[in-house]
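The structure appears right after this line, and notes come after that.
The values are calculated or read from the model by the stated rules, or taken from the named source; none is laboratory data. Only a predicted model underlies this, so the values are computations on that prediction, with no experimental measurement involved. Heads up, the Cβs are rebuilt from the backbone with ideal geometry, glycines too, and the neighbour counts pull from every protein chain shown. Accessible surface areas use protein heavy atoms only, side chains included; no ligands, DNA or RNA. Shrake-Rupley method; radii C 1.70, N 1.55, O 1.52, S 1.80 Å.
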Amino acid sequence: MSEALIRRIQELEADLKKLKSQLKERRDAGDDPSPIEHTDCRPDSNTSNSRKGKKAGKERPFDFSAQPRRHVALRLAYLGWSYQGFAVQENTDNTVEARVFEALLKTRLIQDRQSSNYHRCGRTDKGVSAFSQVITIDVRSTQFCGGPGVTVPEHVDVSAKNKATGSELPYVKMLNRVLPQDIRILDWAPVAEGFSARFDCQSRTYRYYFPRGSLDVTLMADAAKRYEGTHDFRNLCKMDVGNGVLQFERTILSASIKPVQPQHINSTNQYDLFIFEIKGLAFLYHQVRCMMALLLLIGQKLEAPDIINQLLDVQSNPRKPQYSMAVDYPLVLYDCHFEGLSWKQENEEVNHVLSALQHHWTQSAIKTHVVHGMIQGLEAIGGVSSNHCWLVEGSKQRNYRPLLERPCCESLESRINHFVKRGRLEREEGENGSEMVHRGKRSKHSHNSPSLPVSSEMPLSDQKTDD
């Protein structure tokens, strides 16, 4: 055996002796309660099993307190047809928001929802999709030297981290790898700490898709313009009085009917698709679907366009007539507009999302044309197409009854009295002697909102925004 090898063995033995001595000192001091009985440098057949067992056991907790936090806006798209709505609900976990928070927790971007400073731009209902839903939230960051929206832990030694020029976490990629295929993060933007997706949104745009069928789309387009402006929409929504929504004035910036394909504007094909596009500052619960229901009645010439003006006149018609709203699946939250945000896209992820949507489109387009081919085959042998509008909930009435001749829902005052009796709302006298109504102690908070009194004098920006 060479002298160099002998010398190396002696050095290793000395190192081993030193390590054993240090371990003994730690055991004697009580720092290490688990003594090492045997040290063997040879590979052990049980090594991999022991590692697996250790991994399968209790994992080391992630120390969020040692990480910077960043307030960001996330823009996401989703196909809502398989979900019970966007917002988390008590009676189901099949919501888009539930899947998003599962992904945020799985990627350890947040510790929990309660501490995440979370806000959403809007709540879409069961079956409703979105191309540009926006949420704001505090997520884990790599930026120890700070930056827009970044909060660095006070006890962390920034110089020791040596991460001044490190790139930010790939939020879009991280989340899309664990989200379902029908929920995709599109991009993200750094925002100021106090920025809120709900309260800082400048406008929201919805689109409702429908086929021409036997509808008079020109008449519908004229009627849609009557929605524009600031009106009391209590007769064109579901009054959510139990959650403190007592102010029903909303401002509609634009409302229009247009063909999906511009070249179809002069066509008479019943299978041409159209869009009802509406842009507003905020929307009430089921407002867009109620507005669309009226347009469908007008398009069928069951009601005159003036019915919109009559229902917006709450002095003459303070109670909503009973009618079915439009179905959910054609509705899309198309855009949420914010000023001054710098959206950061990851090209690879954009291509992934595009590929997934093309896959969805291929399947849907083929199924559509298969069904259309069957329809054409039946029409060719003498079948007569139905003029029935398939986009209104409920069954078709044999004899149509005009809206203003129908029974009416409860008045706003009656609803308020109902929830005051149940303890969901409370009355008190205002400073100028007027009556104020606000949430009671037994109020249910089914949506993310500040726990502040809500009165009929509250500004619009503090009211619940829904489709």
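Table for the structure above
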quantity	calculated
Condition check for GLN300: buried (at least 19 other Cβ atoms within 10 Å of the Cβ), outside the structural domain of ARG75 (by the TED database), over 20 Å from the mean Cα position of the chain (by Cα) and among the polar types (S, T, N, Q)	yes
Residue that is nearest to LYS301 (Cα to Cα) [pool: residues in the range 377-389 that are exposed (fewer than 11 other Cβ atoms within 10 Å of the Cβ) and at pLDDT 90 or above]	GLY382
Residue check, ARG319 surrounded by 11 or more Cβ atoms within 10 Å (Cβ to Cβ) and out of contact with any Phe, Trp or Tyr (no Cβ under 8 Å at 6 or more places or on another chain)	yes
Any hit, the range 170-184, residues being over 14 Å from the mean Cα position of the chain (by Cα), within 15 Å of HIS71 (Cβ to Cβ) and open to solvent by 30 Å² or more (accessible area, probe 1.4 Å)	no
Residue list for the range 61-106, restricted to those being touching a residue at least 40 places away in the same chain (Cβ under 8 Å), among the hydroxyl-bearing types (Ser, Thr, Tyr) and under 30 Å from TYR329 (Cβ atoms)	TYR78, SER82, TYR83
Subset of the range 122-131 (residues that are open to solvent by less than 30 Å² (accessible area, probe 1.4 Å) and modelled with pLDDT of 95 or more)	GLY127, VAL128, SER129, ALA130
Selection count where residues are assigned to a loop (DSSP other than H, G, I, E, B) and either within 22 Å of the chain's Cα centre (by Cα) or not assigned by the TED database to the domain that holds VAL217 (or both), scope the range 236-259	6
Some residue of the range 275-288 being of a type in the set (A, V, I, L, M), part of a helix (DSSP H, G or I) and more than 23 Å from SER414 (Cα to Cα)	yes
Qualifying residue in the range 351-372 (condition: of a type in the set (A, V, I, L, M), closer than 30 Å to GLU168 by Cα and open to solvent by less than 70 Å² (accessible area, probe 1.4 Å))	yes
All positions within the range 185-228 that are in a loop (DSSP other than H, G, I, E, B) and of a type in the set (A, V, I, L, M)	VAL191, ALA192, ALA197, LEU215
The range 132-159 - residue that is over 27 Å from ALA282 (Cα atoms) and acidic (Asp, Glu) and, of those, least open to solvent (accessible area, probe 1.4 Å)	ASP157
Hey, LEU294 under 26 Å from GLU413 (Cα atoms), surrounded by 21 or more Cβ atoms within 10 Å (Cβ to Cβ) and more than 30 Å from the chain's Cα centre (by Cα) or not	no
GLY213, sole failed condition from (1) of a type outside the set (Asp, Glu); (2) buried (at least 20 other Cβ atoms within 10 Å of the Cβ); (3) within 28 Å of the chain's Cα centre (by Cα)	(3)
Conditions (1) modelled with pLDDT of 80 or more; (2) open to solvent by less than 50 Å² (accessible area, probe 1.4 Å); (3) within 23 Å of MET292 (Cβ to Cβ); number of the one not met by HIS447	(1)
